[in-house]
1. Checking VAL20 against (1) under 26 Å from the mean Cα position of the chain (by Cα); (2) not assigned by TED's automatic domain parsing to the domain that holds LEU175; (3) not in a helix (DSSP H, G or I): exactly one of these is not met. Which one?
2. Look through the stretch 366-396, keep the residues that are under 24 Å from the mean Cα position of the chain (by Cα) and charged (D, E, K, R), and return whichever of them is nearest to LEU460 (Cα to Cα).
3. Could you run through the stretch 69-114 and say how many residues are of a type in the set (Asp, Glu) and not in a helix (DSSP H, G or I)?
4. Looking at the structure I just gave you, is LEU440 crowded, with 16+ Cβ neighbours inside 10 Å and in a helix (DSSP H, G or I)?
5. Take the stretch 526-543 and flag every residue that is part of a loop (DSSP other than H, G, I, E, B) and either in contact with a Gly (Cβ under 6 Å, 6 or more places away or on another chain) or without any contact (Cβ under 8 Å) to a residue 24 or more places away in the chain (or both).
6. If you check ALA117 against the conditions, is it on the phi < 0 side of the Ramachandran plot, over 22 Å from the mean Cα position of the chain (by Cα), part of a strand (DSSP E or B) and touching a residue at least 60 places away in the same chain (Cβ under 8 Å)?
7. Which condition number in (1) closer than 21 Å to ALA643 by Cβ; (2) in the same structural domain as ALA664 (by TED's automatic domain parsing); (3) crowded, with 20+ Cβ neighbours inside 10 Å is the one that ALA539 fails?
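The values are calculated or read from the model by the stated rules, or taken from the named source; none is laboratory data. Because the structure is predicted, anything quoted here is derived from the model rather than measured. Glycine gets a Cβ as well: all are built from the backbone with ideal geometry, and neighbour counts include every protein chain shown.
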Amino acid sequence: MNIRVSVIMANLNGAAHIAVAVRSVLRQTERSLELIIGDDGSTDESLAIAREAAKGDARLVIVTSPRPCTGPAAARNRALAVARGKWIAVVDNDDFIAPERLERLINAAEAEGADIAADDLLTFYDDGSRAPHAHLRGALAREPRWIDAAEYERGNALMAGGPTLGYLKPVFRRLGRGGIATRYDESLRIAEDSDLVLRLLADGARFRVYPELGYFYRKHASSTSHRLDAAAIEAMDAASKRIDASENSELQDALRYGRSARADVLAFTKIIDAMKARNVGGAIGGVLRRPGTLWLMRYPIGARLSPTVKARADNAPPRVTLLSRQRLVGATNGSSAYVLALAGALKRAGYAVDYIGASPKIFGRWAGFRMKPELAVFDRYVVHGGVRVGPFMLSRDPSVWAASALAVTERLLGKLRLKLALSQRAEFAQAAEATREDQLFVARQAAPHATAVLCDYGFLAPLAPYAIAPGAASLTIMHDLMSARVADTAEQGAVVLGAAEEFALLGLTDGVIAIQAEEAEKVRAQLPASRVIVAQHAAKIASASQPGADDALLFVGSNTPPNVVALDRFFRECWPAIRVARPQAQLKVAGSVGRALGAAPDGVALLGVVGDLTPLYAEAGVVISPLYTGSGLKIKLIEALAAGKAVAGTSVTAQGVEDAVRGAMVIEDDPARFATACIDLLADRDKRETLAQAALVCARDYFSADACFREFVGAIKGETQTTAREPEINPALG
């Protein structure tokens, strides 16, 4: 088998964290890999936990030790001895990695001819004592950079003040220059990684460092890197003397600098030991012999001054983090209403939900927006690059304010019939690539130890690890299967997301939340290892059916291609026949879809966005939904049924909820028959009443909040998945 990368993981009693580490490796987008755990004589359940986390994945290999506690270097060497990959990656058993990390890092290394490649660490603290932070800073945090042996050695000088390059977790070619096999120095218990990299660099390897945050470095009480004692320092010093720098004067200078720094730290360690033993004379003597150790006193002080985060109170509600790049200002469209409904279900179940707006691009070309009252469902609401002022969220970016001014001017001139292109349409924020700043914002704003992480659309799935909730369930709110919807919509002329790309994104989280059963089955077929939850949109159920007025029709929808296509075709192929049969017929169109329609035919009123649809639903005799292309969400259909209305739609309208709505609405695909059905309903109140009652029964049985969100809330609570309930047709629905 041709394996591209072997991931090696040393393990000694790592039961507390190894499951997260294993899952992060086996979920990589780089599928041609093996994970080799070099166990060092563990006496806990860590190996059993690792096997359980792998769920039978044959790419997991475990190599055991003939005797216990030989050290991490020896454990890694045993893993290296059986590695088959062209590349080697190191992941510690208490850390984890971003899902695209290995593919991205190795692709970049191969493209640029690097033998060793590393990205930045996102350091986080298990006890919440400090906020998460990046490891690299300065030039290293801004752009890729080549690192030679001398710079690497200087960057590893103990307590030198800069980012220690030895902490980075590189990938490297399995065979070094000249075919020399890679191997760790087993005399080292600390700094074995940096020693290996330095030897490879001294041998001529090329090292490239990238600023992307791909490795999640956990700090906790038992972290090996925290245990720096005299024996470890002396072993590091001995290892440095074995480096061949005879033909590299810069490396010789760097090695001398490193030895001097270690001497200071060794002296400082002995001073601290003397102080702990209350040997005042010994401590003073150590300072007098090496005064430079006084400078090292800044580290304990600096640690006390580091930013801290509040630990969660014992009586605080469990939290769920929602990551989004959707401008969620209220229930202004179908996708926003759906997310708010999910958040509401969690709030009723006792959870606090945090909305983390993960990109400044949420603002688009508008410098601010007013937050509607329904956003109170969130315990916290923050947007990257934004500041909250009362009910307003305002951008901090002056360029966005300038773009807003141009957009406003353009609209005002348009009203004067002066068409000038002063502004550009903003980038589609949902699909925007996450920046390093976005990732850090999520890491710092997400509540530590969240119960679950929700990703609003598949585009957000790569950001899930940055919420720093490694043990939490991660779920993607799919909304709709975008690739299938676009494939069905040839008239739209553009592909938003290909099927392979979409399923790859959906597979990055533990599970997927689908809004209807048909699309859920498609996801299950492509992602059999993922949990797929059906959470249909819930609606507020009316107390009684509403037959409405004769000759009154209503269409509700946002400015999306399926709605635009539907109304355009309805105007051409249905509306003339309806007006001939019912000259007094009137159609009201509510929602932003009116912006794309231009002039409306006689008898049609384009109302634009309407704050309260209740009066419109009460008045309408028939609610139409004549969709002919992929409709995605079913929110407006469900709302109409829940309002107790007579609804006329197509098979596309009912797609995914066919069994539930059978008999509760009129379904006609042929335009002529659709028009005839509308005419009959407009003329007959009794027919509308019968259909409206059936719609209300359907809504109560299938689209109440309890029915729709039971499985979703259960997944957040950690309940095991159950077989989906087969739809039962209510006798009243026929």
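1. Among (1) under 26 Å from the mean Cα position of the chain (by Cα); (2) not assigned by TED's automatic domain parsing to the domain that holds LEU175; (3) not in a helix (DSSP H, G or I), the lone unmet condition for VAL20 is (3).
2. Filtering the stretch 366-396 for residues that are under 24 Å from the mean Cα position of the chain (by Cα) and charged (D, E, K, R), the one nearest to LEU460 (Cα to Cα) comes out as ARG380.
3. Adding up the residues that qualify gives 4.
4. Taking the combined requirement at face value, the residue satisfies it.
5. LEU527, PRO528, SER530, ALA542, SER543, listed by residue number.
6. yes
7. All conditions pass for ALA539, except number (2).
Listed here are the residues, each with its yes/no results for (1) more than 18 Å from LEU553 (Cα to Cα); (2) buried (at least 19 other Cβ atoms within 10 Å of the Cβ).
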position: VAL666; (1), (2): no, yes
position: ALA683; (1), (2): no, no
position: ARG688; (1), (2): no, yes
position: ASP701; (1), (2): yes, no
position: GLY718; (1), (2): yes, no
